[in-house]
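Colleague: Below you will find the structure I want to go over with you.
The values are calculated or read from the model by the stated rules, or taken from the named source; none is laboratory data. These figures come from a predicted structure and were not determined experimentally. A quick note on method: Cβ atoms are made from the backbone with ideal geometry, for glycine too, and the neighbour counts reach across all protein chains shown. Note: areas computed on protein heavy atoms with side chains; ligands, DNA, RNA excluded. Shrake-Rupley method; radii C 1.70, N 1.55, O 1.52, S 1.80 Å.
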Amino acid sequence: MKVRVRFAPSPTGPLHMGGVRTALYNYLFAKKHDGDFILRVEDTDEKRFVPGAQQYIIDSLKWCGIEPNEGAGYSGDKGPYIQSERKHLYGPYAKQLVESGHAYMAFDTAEDLENMRDQAKQQGLPNWQYNGVTRSSMKNSISLSKEEVEKRLAAGEPYTIRMKMPRNEDIKFEDEIRGWVTVNTNNLDDKVLMKPTGMPTYHLANIVDDHLMEISHVIRGEEWLPSAPLHVLLYDAFGWDRPKFAHLPLILRPDGNGKLSKRDGDKLGFPVFPINWTTADGELYSGYKEAGFFKGAFINMLSLLGWNPGNNEELFNLEEMVEKFSLERVGKSGARFDPDKTKWFNQQYLRSTSNEDLAKMVQDQIGDQDHSAEYISQVCGLMKERATFIQDIINDGDYFLGDVSAYDEKTVRKKWKEDTPSIMTELLEELKGISDWNTEAIEKVFSAYLEKNEYGFGKVGPGFRLLVTGKGMGPSMFDICAVLGKEKVIGRMEEGLQKVNDLKASV
Ligand code: GLU
């Protein structure tokens with residue numbers, strides 16, 4: 001049987017990173033088994049529809065590099081892949097269930113249901129349900145006489161179609177991650193399958209579509225596990241083969257306290273969305289892309305939220321993930337999201353990116369035209385060991401891209417001593433004498449100067465760095481000077497001396 005999996009989000013808002021993880025695991029599973037990865041948009045809940053969400057989902061998967069090969073926004077011969085465009089398909093299936101006695105028509109109005117809930121509450125039963133016990137006191141095709149039902153239908157009275165949940169039956173299915181799951185039907189209610197508007201609910205549409213689209217494995221979040229027994233019953237009621245189920249563990253907040261929610265990101269200071277999302281009211285939710293994360297790092301981090309390769313390896317590109325992924329190695333317990341670890345992944349990706357590629361990203365970001373690609377590559381080579389984001393190269397290495405605009409006050413206060421100006425003047429003279437300006441030559445002259453005067457590095461190094469870069473820290477000064485070039489270094493030292501002396505007097 002061909003592996004066919006689907007990612008079936010509802011366009012009720014932007015795709016949270018938990019949703020991206022579900023899409024990723026589906027993608028990996030499909031690719032691993034030479035199968036299909038389908039995108040189906042489940043928009044049957046008209047009240048919660050959010051314009052733009054569908055495009056956001058497509059754009060997000062695209063950015064992550066985990067694109068479907070079939071589905072909404074893609075081609076395929078099992079479409080349409082947007083449920084609202086399939087609306088006409090579901091009615092006959094609901095009818096079939098009514099005719100086979102697995103479902104029934106219910107005429108209760110919203111008000112009727114409200115009254116029942118209120119009455120039950122007054123009797124100390126807060127969780128009233130429409131089920132095998134209560135359905136006999138409601139207005140439906142089971143409790144009403146045949147004539148009465150026909151009269152109501154002839155009068156065009158609106159009705160819902162509900163699942164007739166059997167009494168006291170154990171529903172069993174084997175989850176690929178959790179093993180055998182057994183639920184007694186007495187704990188389940190008569191879920192609505194078809195609304196009076198003719199729109200199916202999630203449950204009916206989901207099962208009909210998974211069947212028609214020949215889905216072999218349903219891989220989705222743990223929050224859908226409570227719905228699975230109903231889904232299993234529906235497959236059986238239709239007489240269709242059940243797909244295999246795999247319910248992925250929850251993604252937990254960094255403190256391990258509960259599920260990571262859409263709101264946590266902004267509260268706790270990290271993105272929870274793949275790309276930026278702006279609400280209709282203009283509120284911005286930040287995305288990993290815009291926060292400067294590499295898509296590879298983001299996906300790599302997500303791959304390990306619930307799955308592990310069985311050893312200590314942590315860094316994989318997408319092909320390696322496909323090769324190593326298996327549902328057997330997905331755990332049951334919640335996976336804690338770690339924002340610091342996410343940054344660590346980015347750092348590793350940045351380090352392993354070539355200087356040339358980093359240079360292109362830096363130039364794209366700053367729109368720089370003044371420097372050659374080769375110069376920016378050298379800068380990236382020096383800065384990448386200390387950077388987590390491209391922006392760090394730009395910020396921490398600003399002295400490579402422009403003049404020194406400020407001097408680090410703390411360094412001025414602590415390291416610019418009374419004798420530093422004269423030491424810098426002497427060092428400057430030594431440096432001026434270098435004819436072949438390169439790292440080794442600069443280092444040699446610098447070391448010789450220290451030796452001659454019996455100075456330690458700490459007496460000369462910080463002042464030198466301050467004049468040339470304005471900073472208290474950074475890569476090797478000899479490398480920095482070699483990249484900047486003799487003229488710039490000499491110029492900065494000459495100009496900086498007076499400026500830092502003035503600053504020293506004021507801090
Ligand atoms: N539409 C559901 C969601 O929003 C899909 C659940 C499933 O995969 O069956 O997540």
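Colleague: Of all residues in the range 482-507, count the ones that are crowded, with 16+ Cβ neighbours inside 10 Å, closer than 20 Å to Thr411 by Cα and among the hydrophobic types (A, V, I, L, M, F, W, C).
Modeller: 5
Colleague: Mind checking which residues of the range 154-167 are assigned to a loop (DSSP other than H, G, I, E, B), over 16 Å from Asp112 (Cα atoms) and under 41 Å from the mean Cα position of the chain (by Cα)?
Modeller: Lys164, Met165, Pro166
Colleague: Go over the candidates Lys504, Lys488 one by one and state the one that is among the charged types (D, E, K, R) and either touching a Gly at 6+ places or on another chain (Cβ under 8 Å) or in contact (Cβ under 8 Å) with a residue 24 or more places away in the chain (or both).
Modeller: It is Lys504.
Colleague: Please work out if Ala120 is surrounded by 15 or more Cβ atoms within 10 Å (Cβ to Cβ), of a type in the set (A, V, I, L, M), under 43 Å from the mean Cα position of the chain (by Cα) and modelled with pLDDT under 95.
Modeller: In short, yes.
Colleague: Does the range 125-148 contain at least one residue that is surrounded by 17 or more Cβ atoms within 10 Å (Cβ to Cβ), assigned to a strand (DSSP E or B) and within 14 Å of the ligand (Cβ to nearest atom)?
Modeller: no
Colleague: If I go through the range 349-360 residue by residue, how many of them are open to solvent by 40 Å² or more (accessible area, probe 1.4 Å), under 16 Å from Glu385 (Cα atoms) and either assigned to a helix (DSSP H, G or I) or touching an Asp or Glu at 6+ places or on another chain (Cβ under 7 Å) (or both)?
Modeller: Residues meeting the conditions: 6.
Colleague: Of the conditions (1) closer than 23 Å to Leu89 by Cβ; (2) open to solvent by 70 Å² or more (accessible area, probe 1.4 Å), Tyr104 clears all except one; give me its number.
Modeller: It is condition (2) that Tyr104 fails.
Colleague: Follow-up question, since we're still on this one. Of Ile275, Ile251, Ile207, Ile219, which residue is away from the ligand (no atom under 16 Å from the Cβ) and buried (at least 20 other Cβ atoms within 10 Å of the Cβ)?
Modeller: Ile275
Colleague: For the range 278-290, which residues satisfy the criterion of being surrounded by fewer than 18 Cβ atoms within 10 Å (Cβ to Cβ) and within 17 Å of Gln391 (Cα to Cα)?
Modeller: Ser286, Glu290, listed by residue number.
Colleague: Here is a list: Phe49, Phe29. Which entry is within 14 Å of the ligand (Cβ to nearest atom) and within 23 Å of Glu319 (Cβ to Cβ)?
Modeller: Phe29
Colleague: Sort out which residues of the range 393-437 are open to solvent by less than 40 Å² (accessible area, probe 1.4 Å), assigned to a helix (DSSP H, G or I) and not hydrophobic (A, V, I, L, M, F, W, C), and write them in order of number.
Modeller: Scanning the range 393-437 gives Tyr399, Thr411, Thr420, Pro421.
Colleague: For the range 290-312, what are the residues that are touching a helix residue (DSSP H, G or I) at 6+ places or on another chain (Cβ under 8 Å) and part of a loop (DSSP other than H, G, I, E, B)?
Modeller: Gly292, Phe293, Phe294, Leu305, Gly306, Asn308, Pro309, Gly310
Colleague: Does the range 164-174 contain any residue that is of a type outside the set (S, T, N, Q), more than 16 Å from the ligand (Cβ to nearest atom), open to solvent by less than 30 Å² (accessible area, probe 1.4 Å) and in contact with a helix residue (DSSP H, G or I) (Cβ under 9 Å, 6 or more places away or on another chain)?
Modeller: yes
Colleague: Now a separate question. Would you confirm whether or not the range 237-247 contains a residue that is among the acidic types (Asp, Glu), buried (at least 20 other Cβ atoms within 10 Å of the Cβ) and more than 13 Å from the ligand (Cβ to nearest atom)?
Modeller: no
Colleague: Of all residues being assigned to a helix (DSSP H, G or I) and without any contact (Cβ under 8 Å) to a residue 60 or more places away in the chain in the range 28-57, which is farthest from His217 (Cα to Cα)? Just the residue, please.
Modeller: Result: Lys47.
Colleague: For the range 222-236, give me each residue that is free of Cβ contacts under 8 Å to residues at least 60 places away in the same chain, more than 26 Å from Ala335 (Cβ to Cβ) and either polar (S, T, N, Q) or open to solvent by less than 10 Å² (accessible area, probe 1.4 Å) (or both).
Modeller: Tyr235, the sole residue that qualifies.
Colleague: Out of all the residues in the range 4-26, is one or more surrounded by fewer than 20 Cβ atoms within 10 Å (Cβ to Cβ), more than 16 Å from the ligand (Cβ to nearest atom) and under 22 Å from the mean Cα position of the chain (by Cα)?
Modeller: no
Colleague: Which residues, counting only those in the range 313-348, are assigned to a helix (DSSP H, G or I), of a type in the set (S, T, N, Q) and either free of Cβ contacts under 8 Å to residues at least 60 places away in the same chain or touching a Cys at 6+ places or on another chain (Cβ under 8 Å) (or both)?
Modeller: Scanning the range 313-348 gives Asn346, Gln347, Gln348.
Colleague: Give the range 438-449 a look and list any residue that's in contact with a helix residue (DSSP H, G or I) (Cβ under 6 Å, 6 or more places away or on another chain) and either in a helix (DSSP H, G or I) or of a type in the set (Gly, Ala, Ser) (or both), or say none.
Modeller: Listed by number, the residues that qualify are Thr439, Ile442, Glu443, Val445, Tyr449.
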